[in-house]
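The values are calculated or read from the model by the stated rules, or taken from the named source; none is laboratory data. These numbers were taken from a predicted model, which means no experiment stands behind them. Cβ: placed from backbone, ideal geometry, glycine included. Neighbour counts: every protein chain shown. Just the protein is used for accessible areas: all its heavy atoms, side chains included, with ligands, DNA and RNA removed. Shrake-Rupley method; radii C 1.70, N 1.55, O 1.52, S 1.80 Å.
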Amino acid sequence: QVQLVESGGGLVQPGGSLRLSCAASGIIFSNYDMGWYRRAPGKQRELVAIITSGGSANYADSVKGRFTISRDNAKNTVWLQMNSLKPEDTGVYYCSAYRSPFYYWGQGTQVTVSS
């Protein structure tokens, strides 16, 4: 059974930082591209960052220079370091694992950026 378990969300003031974690089980983690998506209130889910099985990272334009995605294949874990947070970063953040044709999702963790 595949499980992706996110943690690290919470309430933070604008300009603050959070670090999200996603622990994976039930897959050969090193074979999967791992991603973070978010769903803001009233909006569709959007890609935030992705890191390939080979370690290449890509980011949405809105988070470039502020967010960093990383992974540790020995720990079956992917992280999203979020700095200089803005109110528009508020949403539910989801971890994903992809290896064609399989796509898995976590349950999500809430991030709220507000003063």
Worksheet item: Pick from Ile28, Ile50, Ile69: which residue has the top mean-square fluctuation in a GNM of the chain where Cα pairs under 10 Å get a spring?
Response: Ile28
Worksheet, complete the sentence: The answer for the net charge of residues other than Ala40 whose Cβ lies under 12 angstrom from its Cβ, with Lys and Arg +1 and Asp and Glu -1, is +2
Worksheet item: For the range 48-54, in order, what is each residue's ³J(HN,Hα) by Karplus, 6.51 cos²θ - 1.76 cosθ + 1.60 with θ = phi - 60°, in whole Hz (x at glycine and Pro)?
Response: 9, 7, 9, 10, 6, 4, x
Worksheet item: Straight-line reach from Lys64: which lysines have Cα under 23 Å away, leaving out those fewer than 8 places along the same chain?
Response: Lys43, Lys86
Practice prompt. Please turn the phi angles of the range 21-34 into ³J(HN,Hα) values with the Karplus equation 6.51 cos²θ - 1.76 cosθ + 1.60 (θ = phi - 60°), one per residue in order, whole Hz, x for glycine and proline.
Written response: 10, 9, 9, 10, 8, x, 10, 7, 3, 5, 8, 9, 6, 10
Worksheet item: Where the accessible area of the chain is counted over protein heavy atoms with a 1.4 Å probe, how much of it, in %, is carbon and sulfur?
Response: 46 percent
Worksheet item: Can you pull the three principal axis extents for the Cα set of the range 2-70, in Å, largest first?
Response: 37, 23, 22
Item to complete: Could you pull the accessible area for Phe102 with a 1.4 Å probe, rounded to 10 Å²?
Response: 100 Å²
Discussion item. Using the basic label-point model (7 angstrom from Cα toward the beta carbon), what is the Leu47 to Gln110 distance in nanometres?
Written reply: 2.8 nm
Worksheet item: Hey, what's the chain come to in accessible area per residue, 1.4 Å probe, Å²?
Response: 53 Å²
Discussion item. With a 1.4 Å probe and all protein chains kept in place, how much accessible area does Leu47 have, in Å² rounded to the nearest 10?
Written reply: 70 Å²
